[in-house]
Amino acid sequence: MAGETINIKLKIWRQAGQGKPGKFESYEVNDVSVDMSFLEMLDVLNENELKKGNDPVHFDHDCREGICGMCSLYINGKPHGPKHGITTCQLHMRTFKNGETIVVEPWRASAFPVLKDLMVDRTAFERIQQAGGYVTISTGGVPDANEIAIPKTVADEAMDAAQCIGCGACVAACKNASAMLFTAAKVSQLAVLPQGKAERKRRALAMLEQHDSEGFGACTNTGACEAVCPKEISITHIARLNREFTRAAFSGSETDYTN
Amino acid sequence: MSLESKIPAGPLAEKWEKHKFNVKLVNPANKRKFTIVVVGTGLAGASAAATLAELGYNVEAFCFQDSPRRAHSIAAQGGINAAKNYQNDGDSVFRLFYDTIKGGDYRSREANVHRLAEVSTEIIDQCVAQGVPFARDYGGLLDNRSFGGAQVSRTFYARGQTGQQLLLGAYSALSKMINTGKVKMHLRKEMLDVVTVDGAAKGIVTRDLVTGKIESHAGHATLLCTGGYGNVFFLSTNAMASNGSAAWRAYKKGAKFANPCFTQIHPTCIPVHGDYQSKLTLMSESLRNDGRVWVPKDKKNQKITAANAVKLPEEERDYYLERRYPSFGNLVPRDVASRNAKMVCDEGRGVGVTGLAVFLDFADAIKRDGKATIAAKYGNLFDMYKQITDDDPYEVPMMIYPAVHYTMGGLWVDYNLSTNVPGLYALGEANFSDHGANRLGASALMQGLADGYFVIPYTIGDYIATLPLGKAVDKSHPAFAEAEKAAQGRIDKLLSIKGNQTPDDLHKKLGHIMWEYCGMSRNKEGLEKARGLIQELRVEFNRDLKLIGSNEELNMTLEKALRLEDFLELGELMVIDAHNRSESCGGHFREESQTEEGEALRKDDEFNYVAAWGYAGEGKDPELTKEVLEFENVKLTQRSYK
C-alpha cells in the first residue's frame, strides 16, 4: 500500500578489500517506504552512514531495470532475494515484514573474489566469453539478413538462452559454484542457430576449458541455478551444452560435423 | 572561428559512396602501427573497437563497469529501425531519412541522416550474421513492427530486449577481438581527462575504480563513445552511473559542445513516488497503441488514486490527447505527449499521491479485445508495472509521467565524426549529429551501431593517414604528466572539502533546478534564474561537499562527486543554450514561441543552425559558433498532429 512504512534490521557483509578479513555488521533502517526498491533502501542506509562519517556499503548496480546484470546480492540466503524471476534491483520492500532482519551477502564463489563489501570480481565470465562466445566474422561482407530462413521456434529457443544477463546468480546458488548455466546459455544460443554451426566443436571445447580453468565447479544437475536465474533460463541448455561437449570431444575433425 | 562540417559535395544519395572513395586509406601493413583509444563500450564503442581491431589497428578500450555487456545500451526495449522494406509497405532509404529529419524538427544535417538511413540495412545483416536472435515469422524470415508512430513497419526487435541483444552481439565481436589480442580491454576504469599535444588528442587519463590508480593511455586517435548526459537531472531513465564527464572533459580541452539543451523527455514512465527515488523506469511507448491517456476534468479530483479512478464516471474524465489531437490522439510524438501531461498537471488535475501523474487506461481495450489479447501484447510490461507499483493494470489504470530519457545534444562532430579537436572523435549518443531536436523511437540503437560498425572504420583513415608513420605516441610527453597531476589535484581538492552534504544531496538539488527551469517547458526568466541557482550550487558544492575515505580504494562516493562536478558545469551550459534558442523545436519548448493553439513554433529564419559552444576559460561565458543547416532535399514544414 502506498504510504506505508516499515522498520527493518540488516546484517550486511563488510570487507575492506580483496583478501582482507570481513565480518557481518548490523544496521537498522527505519521508516522504509514499502514502495522503495531494495537498492533504494540501501541508498538510504548509505546516505545515513555517510552523514555519520562511515564508509557506505559498496554494492554493484547500474541500470536498475533488471537488464544490465550488474546487481547481485545474496539476500536471506537466496541470490537476488526471495522472489522468483527478478534481479535484486526489481525487488521491493513490500516483500519484507516490519521488524524483519535481512541478511545481505556477496556472491560466494572462489572464482568471484570479493572486491569490497558486496562487490565481487566477475571477470572470469569475460574470459569464458572471449574463449569462444561469438561467431568469427568481421564487420561487412555478410549475407542479407533474410537469406537464411530460421524457423520461429528455433529463433525463440535461441532467444530464451540469449536472455542471460551474466549476473552470476547461477554460480552463487550452486553448491559446486559451477558456471555451467552461464556457459550453456551462450553455447546453446549459437548451437541452435545456423550462424553458429561452423564453430560448434571448437566453441564448446574452448568455453568449457576456460570455465574449468577459472575454478568453477562441475554441474551435478541439482537445478539450483535455474531456480534462481532472474531470466528463468532452463537447465535444458546445460543438457545441450553437455551434448555439444560430448560430440565435440568424440569427433575427430570438423569435416563430418555438419548439423 | 567557423566549423567545417566536411559534408561531401554532390547529390544526397551519392555523398557517402563518393566520400568512402575519397577518404584516405591506411595500408593494411601500416594499420598495426597505430593505436586507437576507445572510451565506452556500449553499442557505439564496442562496435567501433571490434571493427577497428578487425581492420588491423591496435585498440585500447575502456569501460567503467565490470564488463562491456553492462553498458546502458542494454536497456533499450523497443527495437532498431532499418530501411529494409521487407514488409513491402513503401519504406525506403529516403523515407527513413525523411522521417528522421522531420521527427528531429529540422535541426539535423541532411547528409548525416541520409547516411544513417543508408547503412541501417547493413546493420541488420551484420547483427543477424553474429547470431542476434531477432523475432521471426513462422516462415522463418524477420518480423517487423511499426514503432513510435511510423507509418511503415521498419522496426526489428528481439522481444522487449532489443538493446540487450544488439549489445551482446557487439560485445561478442569485441570479445573475439580481445581474444586475438588486438583489443586490450580495460574494465572498471573511468576516463578523467583527454590529453592533447599541440592541439591534437593523444590519449586519455583514467582512474582505476578499484585501486584508485591514475594513469595515462596514449593513442593516435581517441573515440569518445560515452553516451548521453540525461543524469544531469538526477532522475532519468539512464543507468545510475551514466554520466557526461568524458564529453565535458573534452569540451574543456577545446571540443565544441553542440545543442546541449536538446533533451528528450519520454512520456510514459512510472511516476516519481518519493525523495528516496534513485531512477525512473520507462514503460514502452507501444502502450499508447491501446491505452487511453486521461485526467479528471475537475480539479476537485486532483490526486485521485487509481483504485478510485475506476469509479469516476466517463463524463468527469478528460481524454485530453484525443480531445486536442483528434487525428493522432494518444499516438502524438513523444515531445507533444510529454508537454501535455505537464500542462494538465500544472492545471491541478494530476493524479496519484503527488498529483504529478496521468492515467494510461486499458479498460476500453480490454473490453474491446479481451484480456487475453491485451496480455499477449503487453503482458510483460503489465507484470513489470505491477512489480514496481503493486497496482494491477488489468484492474486499474496505470499512472505515468514524463521522464528524461535521451540527450540529442552532444559533442559537435563533422561528417567524419571528428570533433574540432584533431584526433578526437565522438560516436553514438555522445555526439549531436543525427537526431536534431527530437529523436524518433528505435533510432538510438541504429545510430550507435551505424557510427561504430560502418562510419568510423572508414572515416578515421582520413586522419590516421596524415600522421607520420612509425611514430609511436609517447606517454612520456609532459602533457600526460600534467593531465595526471591535474586529475589528482581535482580529487585531492574534493576530498579536502569535508562539508556536510553528500553528492546525492547536491545532485538532487541540481536535478530540481534543471527539471523546473530547463525541463519540458522553458522561458527566459526561468532560465536566467536557473543559471544563477546553478552557479550558487557550484559554490555550495565546493564548500560543503561531504566525502569519505581516500582516492586509493574503491570509493563510490568519490566517483559520484567527480561526475557531479562536471554535471554542475554542463547543466549551466544547457541553460545557456536553452536561453539562446528562443524558438521552440522538438523537445525544446520555449513558452515565448508557440502557436495560438499552444503548439511548438519553430523560427527557421533565426535558428536554423547548430549551436556549437566552445569553452572560453574559467568564469567566462562560452563562445557560440553557428553551423547553419542547409536543406536541399526536404521542405521545412511546421509539424501538426491535429
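The values are calculated or read from the model by the stated rules, or taken from the named source; none is laboratory data. Because the structure is predicted, anything quoted here is derived from the model rather than measured. FYI the Cβ positions are ideal-geometry reconstructions off the backbone, even for glycines, and counts take in every protein chain you see. The area values use the complete protein model at the heavy-atom level, side chains included, leaving out ligands, DNA and RNA. Shrake-Rupley method; radii C 1.70, N 1.55, O 1.52, S 1.80 Å.
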Note, ³J(HN,Hα) from phi for the stretch B:598-611, Karplus 6.51, -1.76, 1.60, rounded to Hz, x at Gly and Pro: x, 9, 4, 10, 6, 10, 5, 5, 9, 10, 7, 8, 8, 8
Long-range HN-HN contacts of B:Gly350 with modeled amide H, under 5 Å: B:Lys303
Dipole axis of the stretch B:497-628 (+1 Lys, Arg; -1 Asp, Glu on Cβ), positive-most option in B:Gln535, B:Asn580, B:Leu545: B:Leu545
1.4 Å probe, heavy atoms, protein only - residues of the stretch B:33-81 losing at least 20 Å² accessible area vs chain alone: B:Glu54, B:Gln65, B:Asp66, B:Arg69, B:Arg70, B:Ile74, B:Ala75
Shielded by partner chains, the stretch A:1-47 residues - at least 50 Å² of accessible area, 1.4 Å probe, vs chain alone: A:Glu40, A:Glu47
B:Arg136 long-range amide H proximity, modeled H, under 5 Å: B:Asp143
Nearest-10 value in Å² for the accessible area of B:Glu516, using the 1.4 Å probe: 120
For chain A, calculated [θ]222 nm from helices alone, where every DSSP H run of n ≥ 4 adds -39500 (n - 2.57): -10000 deg cm²/dmol
DSSP-defined antiparallel bridges as percent of all bridges, the protein assembly as shown, nearest 5: 75
Highest-MSF residue in chain A out of A:Lys197, A:Lys231, A:Lys20 [GNM, Cα springs under 10 Å]: A:Lys20
10 Å Cβ neighbours from other chains, averaged over peptide B:84-90: 1
Helix-only [θ]222 nm of chain B, DSSP H runs n ≥ 4, -39500 (n - 2.57) each, per residue, nearest 500: -11000 deg cm²/dmol
Amide H within-cut-off set for B:Tyr609, under 5 Å, with H built and near neighbours excluded: B:Leu629
Accessible surface ranking that places the most exposed of B:Asp462, B:Asp290 first, with a 1.4 angstrom probe: B:Asp462, B:Asp290
Burial order of peptide ranges A:199-211, B:302-314 (average beta-carbon count within 10 Å, highest first): A:199-211, B:302-314
Rounded to 5, percent antiparallel among DSSP beta bridges of chain B: 70
Buried area at the B-A interface (accessible, heavy atoms, 1.4 Å probe, summed, Å²): 6400
Two-site label geometry, B:Ala481 and B:Thr595: point separation in nm, points 7 Å out along Cα→Cβ: 6.3
Averaged over A:68-77, number of beta-carbon atoms from partner chains that fall within 10 Å: 3
J(HN,Hα) series, the stretch A:74-90, from Karplus relation 6.51 cos²θ - 1.76 cosθ + 1.60, nearest Hz, glycine and proline x: 9, 10, 6, x, 10, x, 6, x, x, 8, 9, x, 9, 8, 4, 5, 9
Peptides B:420-429, B:388-397 ordered by average Cβ neighbours within 10 Å, highest first: B:420-429, B:388-397
Radius of gyration and maximum dimension Dmax of chain B, Cα, Å: 24.0, 78
Pairwise label distance in nanometres, B:Glu316 with A:Lys23, each label 7 Å out on the Cα-Cβ vector: 6.0
Calculated log₁₀ intensity ratio I(q)/I(0) where the Debye formula runs over C-alpha points of the stretch B:497-628, q = 0.10, 0.11, 0.18, 0.19 Å⁻¹: -0.41, -0.48, -1.00, -1.06
J(HN,Hα) series, the stretch B:34-41, from Karplus relation 6.51 cos²θ - 1.76 cosθ + 1.60, nearest Hz, glycine and proline x: 10, 10, 10, 8, 10, 9, x, 10
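Within 10 Å of each Cβ in A:155-161, how many Cβ atoms from other chains are there, averaged over the peptide?
Averaged over the peptide's residues, the number is 5.
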Whole-percent carbon and sulfur share, accessible surface of the protein assembly as shown, 1.4 Å: 50
Residue (of B:Leu321, B:Val295, B:Leu280) at the positive-pole extreme of the stretch B:266-405, dipole from beta-carbon charges: B:Leu321
Accessible area per residue in Å² at 1.4 Å probe, computed on the protein assembly as shown: 35
Extended-chain gain in nm, criterion 0.36 nm per residue less alpha-carbon gap, B:Val272 and B:Tyr138: 44.1 nm
Order by protection proxy (mean Cβ within 10 Å, highest first), peptides A:112-119, A:186-193: A:186-193, A:112-119
